[in-house]
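Visitor: Below are the structure tokens for one structure; questions will follow.
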Amino acid sequence: DERCVFCRIARRQEPRTALLPCQYEDLVCFRDIRPGAPHHYLVVPVEHMGNCKTLKAEHIPVVKRMMEVGKAVLQKNNFSDMSDVRMGFHWPPFCSISHLHLHVLAPASQLGFLSRLVYRINSYWFIT
């Protein structure tokens, strides 16, 4: 979809968005443009997928791989305290882009006041 910015990023059509190393060809990872934590990455399937509300049991493997990528990018960026990480999805209608994307934030203990609200664990708008 040419209108989907995450599809364009995944196809490397957005030169201002640097892709980070990723161990899976069906996923891409990049820094969030409005970081809520010192480390804030997005892990996105290359193929367009709807938001987290469209996930089914058959999508469990891709979500697990997304989490693996999130952990790996943190480790590659010298962050090792995996107990201080927050990963999750914004629940519609609170997601700004309707292409599945996992937020990876660390250290969660350093989230600012507003980020603590926006990325609150299992809230009405953010699920882990």
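Visitor: Taking the residues in the range 85-101 that are of a type in the set (A, V, I, L, M, F, W, C) and within 22 Å of Met49 (Cβ to Cβ) as candidates, determine which candidate is surrounded by the most Cβ atoms within 10 Å (Cβ to Cβ).
Guide: Out of the qualifying residues, it is Leu100.
Residue-wise test of (1) within 22 Å of Ala106 (Cα to Cα); (2) open to solvent by 20 Å² or more (accessible area, probe 1.4 Å); (3) under 14 Å from the mean Cα position of the chain (by Cα); (4) basic (Lys, Arg).
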residue	(1), (2), (3), (4)
Leu20	yes, yes, yes, no
Glu25	no, yes, no, no
Arg31	yes, yes, yes, yes
Arg34	yes, yes, yes, yes
Leu42	yes, no, yes, no
Met49	no, yes, yes, no
Glu58	no, yes, no, no
Leu74	yes, no, yes, no
Asn78	yes, yes, no, no
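Visitor: Still on this structure, please answer the following. Would you confirm, using the coordinates I've provided, whether Thr128 is over 19 Å from Phe6 (Cβ atoms), surrounded by fewer than 19 Cβ atoms within 10 Å (Cβ to Cβ) and β-branched (Val, Ile, Thr)?
Guide: Answer is yes for this residue.
Visitor: Could we say that Val104 is closer than 24 Å to Arg120 by Cβ, crowded, with 16+ Cβ neighbours inside 10 Å and at pLDDT 95 or above here?
Guide: yes
Visitor: Here's another thing I want to ask about it. List the residue pairs whose Cβ atoms are under 8 Å apart, where the first residue sits in the range 26-51 and is touching a residue at least 60 places away in the same chain (Cβ under 8 Å) and under 20 Å from Arg3 (Cα atoms), the second is open to solvent by 20 Å² or more (accessible area, probe 1.4 Å) and basic (Lys, Arg), and the two are 6 or more positions apart or on different chains.
Guide: Leu42/Arg31
Visitor: In the list Met66, Met49, which residue meets the criterion of being modelled with pLDDT of 95 or more and not β-branched (Val, Ile, Thr)?
Guide: Answer to the check: Met66.
The values are calculated or read from the model by the stated rules, or taken from the named source; none is laboratory data. Given the structure is predicted, the values throughout are model-derived calculations rather than measurements. FYI the Cβ positions are ideal-geometry reconstructions off the backbone, even for glycines, and counts take in every protein chain you see. SASA here: full protein model, heavy atoms, side chains in, ligands and nucleic acids out. Shrake-Rupley method; radii C 1.70, N 1.55, O 1.52, S 1.80 Å.
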